[in-house]
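So the structure is just underneath, and the comments pick up after that.
The values are calculated or read from the model by the stated rules, or taken from the named source; none is laboratory data. On a predicted model such as this, the values are computed, not experimentally measured, just so you know. Neighbour counts run over all protein chains shown; Cβ positions are idealised from the backbone, glycine included.
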Amino acid sequence: MSTAPNSSPPLTKVKRSNLTASRLRAALLFLAPMLIVLAAVAGWPLIRTIYLAFTDANLTDLSSAQFIGFENFYAVYDGETYGLLVDPEWWNAVWNTVKFSLISVSLETIFGMAVALVLHASFKGRGIVRAAVLIPWGIPTIVSAKMWGWMLHDQLGIINGMLMSVGLIHEPIAWTANPDTAMWSVIMVDVWKTTPFMALLILAGLQMLPSDIYEAAKVDGVHPVKVFFKITLPLIRPALMVAIVFRALDALRIFDLIYVLTSSSTNTMSMSVYARQQLVDFQEVGYGSAAATLLFLIIALFTAVTLTAGKVKLSEEA
Amino acid sequence: MKIRATLLGTVFAVAGFGAANAAEVSVTCDTVGQGHDLCVKQVKMWEEKTGNTAKIVSVPQSSTERLALYQQILSSGSNDIDVFQIDVIWPGILGSHLLDLKPYSKGIEKDYFQPIVANNTYKGKLVAMPQYTDAGLLFYRKDLLEKYGKEAPKSWEELTATAKEVQDGERKAGNDKIWGFVYQAKAYEGLTCDAIEWVDSFGGGGIVNPEGDITINNPNAKKALELAASWVGNIAPEGVLNYMEEDARGVFQSGNAVFMRNWPYAWSLAQGADSPIKGKVGVAALPKGGDNGKQTGALGGWQIAVSKYSKNKDAAASLALWLTSKEVQKMNALEGSYNPTIPSLYADKDVLKANPFMGELLDTFSNAVARPSRATGANYNKVSNAFYNAVHTVISGKATANASLTKLEKDLKRIKRKSW
Amino acid sequence: MHKKIKTSLFYALVALIVVVSVFPFYYAIITSFRGGTELFSASVLPNSVNIRNYISIFEEQPFGTNILNSILVATTVVTISLALAVTASYALARIHFKGRGLLLMTILSVSMFPQVAILSGMFELIRALGIYNSLPGLIVPNTVLTLPFTVWVLTTFMKELPKELEEAAIVDGASPFVIVRRVFLPLMWPALVTTGLLAFISAWNEFLFALTFTLVNEVRTVPVAIALMSGASKYELPWGNIMAASVVVTVPIVALVLIFQRKIVAGLTAGAVKG
């Protein structure tokens, strides 16, 4: 009768360590295929880019590339400074990208949350509405960017046409041409396009919440707003954070949308547009790779900050 | 794909049939509808003539994407494409990967427009043969100019005044959507074309002269940019700062602009059956800058080049020469209104019959200003980028012409360092 | 009465969301029926209904093949990434080992380079593998684009599931593989379907790799096919055709969501077993 409580702790301990060992083996087995695929495919392109960042490689003749240390980042010739770190255009691109990312990801989070909450409620025609909401994300960016380009056209665009016909504006607005509105146009289109991504991920988070919590809150007569902030939000925080991180990764690397809407105008140039310009248009593979590497570091920094701020513990116990 | 081709090749070789020199080459054609169809036809003719086969590779319409693809393929030394159709500004950029066509052309290039042949010569090698050419033109509304008793303007100052007068008059008459002048002023290669026309017409040169000296910071260029800066918001909508070719055509063809700068392609579309301005459009060479200026137009157009990594150089060169031959160019002019690069075709009766306005274009092409892609070589895109950004800041009112040109000169010197 | 106002407000919100999402698509539809100068019209109403753009997109290029290619590539990419990610995310979420956080960050860092920067390296790799200009040549790089995303999302959701579930299974002597398959998979449906859908759409819309790694129309995917469309003359944008093509390729996406969206509503099960 009384032996069980006395003898069980050591037994469990042995069992546990056996279990841990077998679970670790399982972990290795489970991770291996994914890591092998990732390393096999992504390894070379990434290493190559970082390596090229320290060379003077040029597309005209890639084979004559030479190692030049940090000269792509900072160098002094005849008293004049060269390199990314002293290039005002690069810093302009960094600033544009950061501004764009902060504003658009914040808006997308708010709208995405609202849309997710609406889709979480049960109502007639929910399936159709879900499909409709996903359409902006489903249209290829190269097409939707061009489409918005035409819709925002100052003379022929449907947006100015509608705003003028209802009397909201009297003069057509040059959305993408005016330096003051160009960035906002890009942000607006990006929010339109990627809110569904955010909404769907948050929705999945909501759907995986245990429903009895709500029922308990309902019974207690807690105000829905309070339920949202006190119960729902903390519970979906992990899903929300992962959505924000991936949105931020994409926003910080934004390329297509800006490239199509405003080309290489300095008003809206992003880090990726800058990197592409160096890599492709200017054939400066070394310098462009340096920009890409710096972009990588900036993104890594932002991700770390976001994860810390969102209290995401990567190695916490399950 | 490749394995199959090799296998087939072996089978044919063993069986002992097929011409001894029969080869397969890959070629990129014109991307646009009619040009593509013509190219397919011409490639077929070549196959029948030579017994070789050619595979047509489709490429994106956007020339920036096309250049990126070409660079990717060429810089890796891949032989996936043998014959490339390249833009007039690319010989310097792609030149190091292209085959010298001189041993194959046997001097025939002297029958072509010499400025284009010079443009296609990279470090003494003839890296591409001219296929067809293009130059900026002024389109105007004949009916509106007649209504106000005006002629097609001879100078940019005259254009500014006429555009203003017609625009104000038409607005008073109730057409509040009308603008005086539309063109391409987005920060992209098209703005380099437009702006080099303004500068050159004022006698301000072509950014960098053929010897490679930076010439852009001069009083004439300043005058040109100051005039252009006065247009935005005055005779041109602010949105023009983000217009490309089709944006400008959209406004003009909807009947909402008096003047438009565009490429010859806009002509047949503006005269299309459903066009509201059908029969009301006139075309002229671009105006002069001031009384001492000259009429000019930015040189555009496409060339045919051969990759030096090609496995079948002889066949590829023969196809390139065929696609740019007089016979093919005449066919392109007759069936597709493409502007030939051989001057004698502009006197050809059949060509003139099919394209009545082509005779007049000969002048424009002879006077056309080339973008400095030859002098600046592989650095051309950097130069063009610095130039269109400098112009864009001036015409969007963010900097004065003086300040912007001084900065541009400094930036160009930095790009050049010791040599291009 | 109060409830009625609330309900109508709710439906007004739903209507607003739908209108904002769908309006540009509506614009695409009305534009796809236009041709010539009509394309420059700013009218909100359709001018005419003309399906010639729809016919010409299938006539001028193998657009049907392009759609099939896209479906094939995107489906394979999603299948591979989900299969690799499900087991990996179990290890990352439920098994405690050293360096887990570092590993997660390393996986994420693959998504931190701009695509254009890794293009050249990927091009060399694809050619070295001998899959240039073929569908596998698109599947391989796309997998790299979606894998970090699927691993991260599934890990996050896997972490959230209650501990008790697993413990009961361990006590029953179930192997980790059985635990994943029998215990977690059924509960993960909302996350799996969502991740799968989002990854599918990313692969479906990928442009840069698809353009660079293919040469002939027969192996090209939808976004590239659309970018290759051209007007009758240089500079002319075949706007009607492009819009018609966009409408056509959105149909499979909508169908996909309609089929799979039922699976997103599986959360109730998760609640039922909460310990």
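Values computed for the structure shown
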item	result
From the options C:L84, C:L72, residue that is more than 9 Å from chain A (Cβ to nearest Cβ), part of a helix (DSSP H, G or I) and in contact (Cβ under 8 Å) with a residue 12 or more places away in the chain	C:L72
Any hit, region C:232-244, residues being at pLDDT below 85 and within 11 Å of chain A (Cβ to nearest Cβ)	yes
Matching residues in region B:211-234 - criterion: being within 10 Å of B:W198 (Cβ to Cβ) and among the aliphatic types (A, V, I, L, M)	B:A221, B:A224, B:L225, B:L227, B:A228
Verdict on B:V199 being of a type outside the set (D, E, K, R), surrounded by fewer than 23 Cβ atoms within 10 Å (Cβ to Cβ) and not assigned by TED's automatic domain parsing to the domain that holds B:S63	no
All strands (runs of 3 or more DSSP E) inside region B:256-362 with 1 or more residues being over 30 Å from B:D194 (Cβ atoms)	B:299-306
Qualifying residues in region A:213-258 (those that are aromatic (F, W, Y) and either surrounded by fewer than 17 Cβ atoms within 10 Å (Cβ to Cβ) or more than 27 Å from the chain's Cα centre (by Cα) (or both)) - the one nearest to the other protein chains (Cβ to nearest Cβ)	A:Y214
Flag if B:L241 is under 28 Å from B:Y122 (Cα atoms), within 14 Å of chain A (Cβ to nearest Cβ) and not in a loop (DSSP other than H, G, I, E, B)	no
Qualifying position, being within 10 Å of chain B (Cβ to nearest Cβ) and surrounded by 19 or more Cβ atoms within 10 Å (Cβ to Cβ), among A:A177, A:A145	A:A177
A:M208 being within 14 Å of chain B (Cβ to nearest Cβ) and either touching a Pro at 6+ places or on another chain (Cβ under 9 Å) or under 19 Å from C:F25 (Cα atoms) (or both)	no
Filter result for B:Y388 (farther than 22 Å from B:N220 by Cβ, within 14 Å of another protein chain (Cβ to nearest Cβ) and among the aromatic types (F, W, Y))	no
Residue in region B:108-128 that is free of Cβ contacts under 8 Å to residues at least 60 places away in the same chain and assigned to a loop (DSSP other than H, G, I, E, B) present	yes
Members of region B:117-133 that are crowded, with 23+ Cβ neighbours inside 10 Å and of a type in the set (A, V, I, L, M)	B:V127, B:A128, B:M129
Hits in region C:103-158 - residues which are assigned to a helix (DSSP H, G or I), more than 8 Å from chain A (Cβ to nearest Cβ), free of Cβ contacts under 8 Å to residues at least 24 places away in the same chain and not hydroxyl-bearing (S, T, Y)	C:R127, C:A128, C:L129, C:P136
Count of region A:87-133 residues which are small (G, A, S), within 19 Å of A:K193 (Cα to Cα) and surrounded by 15 or more Cβ atoms within 10 Å (Cβ to Cβ)	7
Residue in region A:273-282 that is modelled with pLDDT under 90, away from chain C (no Cβ under 13 Å) and part of a helix (DSSP H, G or I) present	no
Flag for C:F200 being away from chain A (no Cβ under 11 Å), touching a residue at least 12 places away in the same chain (Cβ under 8 Å), among the hydrophobic types (A, V, I, L, M, F, W, C) and not in a loop (DSSP other than H, G, I, E, B)	no
Boolean, A:K311 is assigned to a helix (DSSP H, G or I), more than 11 Å from every other protein chain (Cβ to nearest Cβ) and basic (K, R)	no
Test: B:L144 is within 28 Å of the chain's Cα centre (by Cα), closer than 27 Å to B:V251 by Cβ and aliphatic (A, V, I, L, M)	no
In region A:297-317, residue farthest from the chain's Cα centre (by Cα) [restricted to those that are farther than 26 Å from C:R94 by Cβ and touching a residue at least 24 places away in the same chain (Cβ under 8 Å)]	A:I298
Test result for C:L192, at pLDDT below 85, in a helix (DSSP H, G or I) and among the hydrophobic types (A, V, I, L, M, F, W, C)	no
Failed item in (1) surrounded by fewer than 18 Cβ atoms within 10 Å (Cβ to Cβ); (2) modelled with pLDDT under 90, with B:V59 passing the rest	(1)
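Here is a yes/no grid of residues against (1) of a type in the set (D, E); (2) surrounded by fewer than 23 Cβ atoms within 10 Å (Cβ to Cβ):
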| position | (1), (2) |
| --- | --- |
| B:P210 | no, yes |
| B:V232 | no, yes |
| B:D274 | yes, yes |
| B:A298 | no, no |
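Listed here are the residues, each with its yes/no results for (1) among the acidic types (D, E); (2) part of a helix (DSSP H, G or I).
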position	(1), (2)
A:V37	no, yes
A:P45	no, yes
A:T49	no, yes
A:G69	no, no
A:W90	no, yes
A:E108	yes, yes
